[in-house]
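Visitor: The following block contains the structure, expressed as C-alpha cells.
The values are calculated or read from the model by the stated rules, or taken from the named source; none is laboratory data. This structure is a prediction, so every number in the text was calculated from the model and none was measured. Methodologically, a virtual Cβ is constructed for each residue, glycine included, from the backbone with ideal geometry; neighbour enumeration extends over all protein chains shown.
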Amino acid sequence: MRGGPASYLRIMSTPLHALRRALAPVLPERLRGDRPVVPVVRLQGAIGVGGPLRPALTLAGCAPQLERAFGTPGAREVAIIVNSPGGSPVQAHLIHRRIRQLAAEKELGVTVFVEDAAASGGYMIACAGDEIVADPSSIVGSIGVVSAGFGFDRAIERLGVDRRLHASGANKAILDPFSPEKPEDVERLKDIQREVHEHFIALVKERRGAALDDADGELFSGAFWTASTGLGLGLVDRIGDLRATLKERWGEKVDIRLIASRQPLLRRLSGRGDGVGAELAGEALAALESRALWSRLGL
C-alpha cells in the first residue's frame, strides 16, 4: 500500500465529511456523483432580541431549520450564513452546541459564511463552523461581555415620585434602575461577566485552536476587526463568499438550497385586536435594542 500503514491509519481516522471536502475539488465532476446538494441556513439578527413582528434569533426559532438542513438527503455539507451583532450569550451557546451536535450526528462538515457581522454572540455561533469564510469588510470578533441599562433614581426624585420597593432576600433588588447604584452590586455583576467571558474564551480557543494569533493580547479584549485583519488573527479562515466558495468546492452544478424558516404567518396576523398597541410598543423596544447592538459595531 502506497504510503504505508501510517498513511492508511491517518485516512481511516479522518472524519468522512473532511475527506469529502478535501477530495471534491480534485475529482472530475463525473466522479462526484449526482448533483451535489448543500443546504443553507440563514441566522440573522440580534440574538434573543425580538418582538411580535421581529422573531428573535434563538435556538427554539432556528432549530427546525437546522434539523431540516442536516437531514437533507444527499447533502455534502451544511452552509450557515451568520449576520449578527450578538445578544444573549446563552442562546448563542445553545445554537452553537446544536450545530455541533447535528454535524457529529450526520457526519457533515459545516462552513459558516459571515455577512455584515459575526460579533460577540454572533461570533460564538460562527465558531460552530469547521471553516469560517467572510467578506473582507465583514466585522468579526468582539469576544467579550457587556451589560447596559439606565438609572432613573434622580429622574423620579425630580418628579416627586416615591419608589416603594419591598423585597425578601438581601440581593433580590440588585441593580434596580430606580434606586441609586451600589458598588457591591456592580462588583457582583462584574464577577458574572468575568465568568461568562471565560466561557466564551474557552469556546473560541477550543474551536479555533492553533490558528489564533494573540501576540498583542487584544484578541479577547472585546475588540472587533474587519475580516481582512481577522484573517491574520485566526478569527476567519478565508476571504470569500458563499456561491463562489461552494462552486469551487463542489463544482458549477452544486445545488445551493436555502432552508427557509416556516413562520406561522396566519397565527401572527390573527387575533390582534386588543393587544396591538402593546405589541407595537414591544416591537419598537426590540428594534431599539437591536439597533443599539448593531451601532456598537458602527453598522
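Visitor: Being assigned to a loop (DSSP other than H, G, I, E, B), closer than 13 Å to Tyr123 by Cα and touching a Lys or Arg at 6+ places or on another chain (Cβ under 9 Å) narrows it down to one of Leu235, Leu219, so name that one.
Guide: The match here is Leu235.
Visitor: In addition: Please pick out the residue among Val236, Val196 that is surrounded by 12 or more Cβ atoms within 10 Å (Cβ to Cβ), touching a helix residue (DSSP H, G or I) at 6+ places or on another chain (Cβ under 9 Å) and closer than 15 Å to Pro89 by Cα.
Guide: Val196
Visitor: Take Gly149 and tell me if it is closer than 21 Å to Gly48 by Cβ and of a type outside the set (Phe, Trp, Tyr).
Guide: Yes.
Visitor: Looking only at the range 201-211, decide whether some residue is surrounded by 15 or more Cβ atoms within 10 Å (Cβ to Cβ), in contact with a strand residue (DSSP E or B) (Cβ under 9 Å, 6 or more places away or on another chain) and in a helix (DSSP H, G or I).
Guide: yes
Visitor: So, one more: Restricting attention to the range 148-171, which residues are touching a residue at least 24 places away in the same chain (Cβ under 8 Å) and either in contact with a Lys or Arg (Cβ under 7 Å, 6 or more places away or on another chain) or surrounded by 11 or more Cβ atoms within 10 Å (Cβ to Cβ) (or both)?
Guide: We begin by selecting, within the range 148-171, every residue touching a residue at least 24 places away in the same chain (Cβ under 8 Å); these are 148-153.
Answer for the range 148-171, where residues must be touching a residue at least 24 places away in the same chain (Cβ under 8 Å) and either in contact with a Lys or Arg (Cβ under 7 Å, 6 or more places away or on another chain) or surrounded by 11 or more Cβ atoms within 10 Å (Cβ to Cβ) (or both): Gly151, Phe152, Asp153.
Visitor: Moving on. What single numbered condition from (1) closer than 30 Å to Thr111 by Cβ; (2) touching a Lys or Arg at 6+ places or on another chain (Cβ under 8 Å) fails to hold for His199?
Guide: (2)
Visitor: Considering every residue within the range 82-91, establish whether at least one is in a strand (DSSP E or B) and farther than 30 Å from Arg35 by Cβ.
Guide: Scanning the range 82-91 turns up at least one residue that is in a strand (DSSP E or B) and farther than 30 Å from Arg35 by Cβ.
Visitor: Search the range 190-212 for residues that are closer than 20 Å to Val112 by Cβ and touching a residue at least 12 places away in the same chain (Cβ under 8 Å) and pair each with any residue that is part of a helix (DSSP H, G or I) and of a type in the set (Phe, Trp, Tyr) when their beta-carbon atoms are under 8 Å apart and the residues are at least 6 apart or on different chains.
Guide: From the range 190-212, the pairs are Val204/Tyr123.
Visitor: For the range 239-251, state whether one or more residues are within 18 Å of the chain's Cα centre (by Cα), at pLDDT 60 or above and either outside any helix (DSSP H, G or I) or farther than 26 Å from Ala128 by Cα (or both).
Guide: So far as the range 239-251 goes, yes, one or more of its residues are within 18 Å of the chain's Cα centre (by Cα), at pLDDT 60 or above and either outside any helix (DSSP H, G or I) or farther than 26 Å from Ala128 by Cα (or both).
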